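Let me begin by presenting the structure, written as structure tokens, before commenting on it.
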Amino acid sequence: MKKYLLLSIILLSFGSLFAQDKPLTQAEYVKMLYAVQKMPTKKQDLIDTVRKRGIGFVLTDGLKGLTRSKTGNDIELVKTLEESDRRRQNPNDAKLPDAKESSEILEKTRQNTLLAIEEMPDFVAKQLIGRSVSYAGTTNFKPLDQLVIAVSFSTEKGEQYRVLTQNGVSLKSETGSNYSGLDGATTGGEFVEDLQRIFKPESKTKFNLIDTSLLRGRKTIVYEYQILIENNKNDSVGLKGANASSVPIGRIGKIYIDRELSRVLRTEFSATDLPSNYQIKKFESSTDYDWAEIGGEKYLLPLKSDARFTASGDGNLYQSKNFIRFKNYQKFGTEVKVLDDDVVEEPKQP
């Protein structure tokens, strides 16, 4: 009798293991989703499970809406669900590359990116920046101001910035390597530095293939990446004003690579190694790249960016957001003009 009981237990155990490889049912997914609502730290477990097992149900608008409402509008989980649904409908179309192809895609992307940076033309462009703030974790952002900034890039000076207007009022400002002299949160490096940092040999970046995705109609391969703080030279976040200071950081994030062209279409990263007693508790940023024409030639350049600082103050945690649109790429030396339609409007979430 004991032998039969033991055999039953073994069979049940194996059945349980094999069940874990089957696609998630809608009931399983919703149960895990509600668990994430109670314990947000389980979100990454849910994302990993969706990526590993896939889904065995039709992804409806209602399910996407439920996902957003139970996770504070977590875009990564929604994107992972959408890709799993595409893979469910057409397994071959969204198939992950094998180790050899993955390595080849990364190497070709590295070569293409560094070569493109070397061949980057001198240009001018316009940044439209909407800055807002909220209590951390609420996403209830209140607008602070809107900026129009003239940006130029040259092989001699790199990225240069000049603030043109703040809330429609013209400002007299000097051109410099950043615009940190302006009060409030400021960023930089979206044009060249961020991409260069990921692929230059000194960074010793570690990559891990995690998923496929669809970005602006292009099939992409998604990699996680990490740059350790000791290899992340000349990178820091800091405070302004009376308590001005800065601290070095490492980076951990994701890149979305065009599967056909081996070019980076999106980067995401979070700062690592922030001191626990530092006022800035978190910094995260994402930048989307698209093709822009300059002098009759097309170049892959920033389209939009979203940067968020979380910092402590007055016993509370605050989050500031800079949403940036890049437009009007032109030849270097062209005058950047402020137009009536230079207003930042954030895209609605899908």
Identify all residues within the stretch 105-146 that are open to solvent by less than 70 Å² (accessible area, probe 1.4 Å), over 27 Å from Y299 (Cβ atoms) and part of a strand (DSSP E or B); write none if there are none.
R131, S132, V133, S134, D145
If we keep just the residues of the stretch 131-151 that are modelled with pLDDT under 90 and among the hydroxyl-bearing types (S, T, Y), which is nearest to the chain's Cα centre (by Cα)?
T139
Residue under evaluation S262, criteria (1) assigned to a strand (DSSP E or B); (2) in contact (Cβ under 8 Å) with a residue 24 or more places away in the chain; (3) closer than 22 Å to E83 by Cα; (4) open to solvent by less than 50 Å² (accessible area, probe 1.4 Å), criterion not met:
(1)
Subset of the stretch 63-92 [at pLDDT 85 or above and among the small types (G, A, S)]
G65, S69, S84
Restrict the check to the stretch 8-30 and report whether at least one residue is under 21 Å from I221 (Cα atoms), modelled with pLDDT under 90 and of a type outside the set (S, T, Y).
no
Do the conditions hold for A94, that is, is it open to solvent by less than 20 Å² (accessible area, probe 1.4 Å), under 25 Å from the mean Cα position of the chain (by Cα), touching a residue at least 40 places away in the same chain (Cβ under 8 Å) and under 30 Å from I55 (Cβ atoms)?
yes
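Search the stretch 38-63 for residues being in contact with a Ser or Thr (Cβ under 7 Å, 6 or more places away or on another chain) and open to solvent by 30 Å² or more (accessible area, probe 1.4 Å), and hand back the single one that is farthest from L81 (Cα to Cα). Outline the logic, then answer.
Here is the first cut: in the stretch 38-63, the residues in contact with a Ser or Thr (Cβ under 7 Å, 6 or more places away or on another chain) are 43, 47, 50-51, 54-57.
Filter once more, keeping what is open to solvent by 30 Å² or more (accessible area, probe 1.4 Å): 43, 51, 56.
Details: K43: 13, R51: 8, G56: 11 Å.
Step by step, filter the stretch 38-63, then rank; the result is K43.
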Can you name the condition, by its number, that E335 falls short on among (1) open to solvent by less than 20 Å² (accessible area, probe 1.4 Å); (2) outside any strand (DSSP E or B); (3) among the charged types (D, E, K, R)?
(1)
Hits in the stretch 231-250 (condition: of a type in the set (S, T, Y) and either open to solvent by 60 Å² or more (accessible area, probe 1.4 Å) or part of a helix (DSSP H, G or I) (or both))
S236, S246
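Hey, can you tell me all the residues within the stretch 295-346 that are of a type in the set (D, E, K, R) and under 26 Å from the mean Cα position of the chain (by Cα)? Walk me through it before giving the result.
Initially, the stretch 295-346 is screened for residues of a type in the set (D, E, K, R), giving 297-298, 304, 306, 308, 314, 321, 325, 327, 331, 335, 337, 340-342, 345-346.
Across the stretch 295-346, the qualifying residues are K298, K304, D306, R308, K321, R325, K327, D342, E345, E346.
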So if I check each of S69, S102, which one is open to solvent by less than 70 Å² (accessible area, probe 1.4 Å) and of a type in the set (S, T, N, Q)?
S102
Verdict on Y289 being touching a residue at least 24 places away in the same chain (Cβ under 8 Å), open to solvent by less than 20 Å² (accessible area, probe 1.4 Å), more than 24 Å from S152 (Cα to Cα) and not in a loop (DSSP other than H, G, I, E, B):
no
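The values are calculated or read from the model by the stated rules, or taken from the named source; none is laboratory data. The model shown is predicted, which means the values in this text are computed figures rather than measured ones. All Cβ positions, even for glycine, are placed from backbone atoms using ideal geometry, and neighbour counts span all protein chains on display. Ligands, DNA and RNA are stripped out before the accessible areas are found, and what is left, the full protein with its side chains, is counted by its heavy atoms. Shrake-Rupley method; radii C 1.70, N 1.55, O 1.52, S 1.80 Å.
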